[in-house]
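Structure first, commentary second.
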Amino acid sequence: MKPQPKMRYAGAFAVLLALLAVLFVWNVNSGSLHLSVREVAQILLTHSGDNAGIVTCWYNPEGIKAPEGYRIDHEIRDLHEVYGLL
């Protein structure tokens with residue numbers, strides 16, 4: 001019996017997603033990102049740098065009110081302001 005095209009596409013997508021995850025972990029561990037895999041996962045899953053112990057910067061070009069529950073160390077409205085923080 002011939003495999004269904006949808007199943008082949010789903011399988012290929014799963015393989016590509018797994019390879020992307022491996023490349024991401026490899027990139028983090030190679031030292032190009034100065035955070036551990038655990039810290040990166042924590043930031044991505046909690047959407048906050050609070051628990052990772054890093055300084056956070058909120059890019060807010062529209063000047064809207066800051067969301068509640070997030071620690072914002074720096075707020076910038078123009079990306080050129082990042083140079084002053086480095």
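The values are calculated or read from the model by the stated rules, or taken from the named source; none is laboratory data. What you see is a predicted model, and the numbers here were worked out from it, not measured in a lab. Every residue, glycine as well, gets a Cβ built from its backbone with ideal geometry; the counts of neighbours run over all protein chains shown.
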Of the residues in the range 17-30, those that are of a type in the set (Gly, Ala, Ser) and either touching a strand residue (DSSP E or B) at 6+ places or on another chain (Cβ under 6 Å) or not in a loop (DSSP other than H, G, I, E, B) (or both) come to Ala18, Ala21
In the range 56-86, residues that are loosely packed, with under 12 Cβ neighbours inside 10 Å and part of a helix (DSSP H, G or I) total 5
Among Ala52, Ala14, the single one that is in contact with an Asp or Glu (Cβ under 7 Å, 6 or more places away or on another chain) and either outside any helix (DSSP H, G or I) or at pLDDT 90 or above (or both) is Ala52
